[in-house]
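Below: the structure, in structure tokens.
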Amino acid sequence: MNFAHYINVTKTIYRLACNRQISNSVEAIQQLGNYMYQLTFDEIKFIQTVMHLGRDTTDEERLKYSNKELFESQKRYLERKFWSKRELEADH
């Protein structure tokens, strides 16, 4: 996995999402949507894994496990429970 690439994708999504939130314009919404729809399924999965880690991981888990262990665990969980089609996940 090329983490540098995925980090750049994550930064771009963050920038587009902030722009969308600040301007709330149709153009900003479309830019984010268009970017999400051109991503590969693996890129979308990476983004969702990071999002869930930020929301669902406790301080206790962060102290107990390495970042890699947390990431892999969350990714396995999402693969079993949630991911279906790339287009649906891009909308999510």
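Taking the criterion of being over 14 Å from Tyr6 (Cβ atoms), surrounded by 13 or more Cβ atoms within 10 Å (Cβ to Cβ) and of a type in the set (Phe, Trp, Tyr), the residues of the stretch 36-92 that qualify are Tyr65, Tyr77, Phe82, Trp83. Would you mind stating whether Tyr77 is in a helix (DSSP H, G or I), over 10 Å from the mean Cα position of the chain (by Cα) and within 21 Å of Thr12 (Cβ to Cβ)? It is false that Tyr77 is in a helix (DSSP H, G or I), over 10 Å from the mean Cα position of the chain (by Cα) and within 21 Å of Thr12 (Cβ to Cβ). For the stretch 1-17, the set of residues classified as surrounded by fewer than 17 Cβ atoms within 10 Å (Cβ to Cβ), part of a helix (DSSP H, G or I) and of a type outside the set (Val, Ile, Thr) consists of Phe3, Ala4, His5, Asn8, Lys11, Tyr14, Arg15, Ala17, listed by residue number. Being of a type in the set (S, T, N, Q) and either at pLDDT below 90 or over 18 Å from Asn8 (Cα atoms) (or both) is a condition met by at least one residue of the stretch 81-91. Taking the criterion of being within 17 Å of Asp91 (Cβ to Cβ), assigned to a helix (DSSP H, G or I) and of a type in the set (A, V, I, L, M, F, W, C), the residues of the stretch 34-74 that qualify are Met36, Phe41, Ile44, Phe46, Ile47, Met51.
Please enumerate the residues belonging to the stretch 18-33 that are open to solvent by 60 Å² or more (accessible area, probe 1.4 Å) and not in a loop (DSSP other than H, G, I, E, B). Can you show your working first?
Within the stretch 18-33, the first condition is being open to solvent by 60 Å² or more (accessible area, probe 1.4 Å), and the residues that meet it are 19-22, 24, 26-27, 29-31.
Listed by number, the residues that qualify are Asn19, Arg20, Gln21, Ile22, Val26, Glu27, Ile29, Gln30, Gln31.
One line per residue, one yes/no per condition, for (1) in contact with a helix residue (DSSP H, G or I) (Cβ under 7 Å, 6 or more places away or on another chain); (2) modelled with pLDDT of 90 or more:
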residue	(1), (2)
Phe3	no, no
Asn8	no, yes
Arg15	no, yes
Gln38	no, yes
Ile44	yes, yes
Met51	no, no
Glu61	yes, no
Asn67	no, no
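The values are calculated or read from the model by the stated rules, or taken from the named source; none is laboratory data. The structure presented is a predicted model; accordingly, all values stated were derived computationally and were not measured. Virtual Cβ from ideal backbone geometry, glycine too; neighbours counted across all protein chains shown. Note: accessible area is taken over every heavy atom of the protein model, side chains too, but ligands, DNA and RNA are not part of it. Shrake-Rupley method; radii C 1.70, N 1.55, O 1.52, S 1.80 Å.
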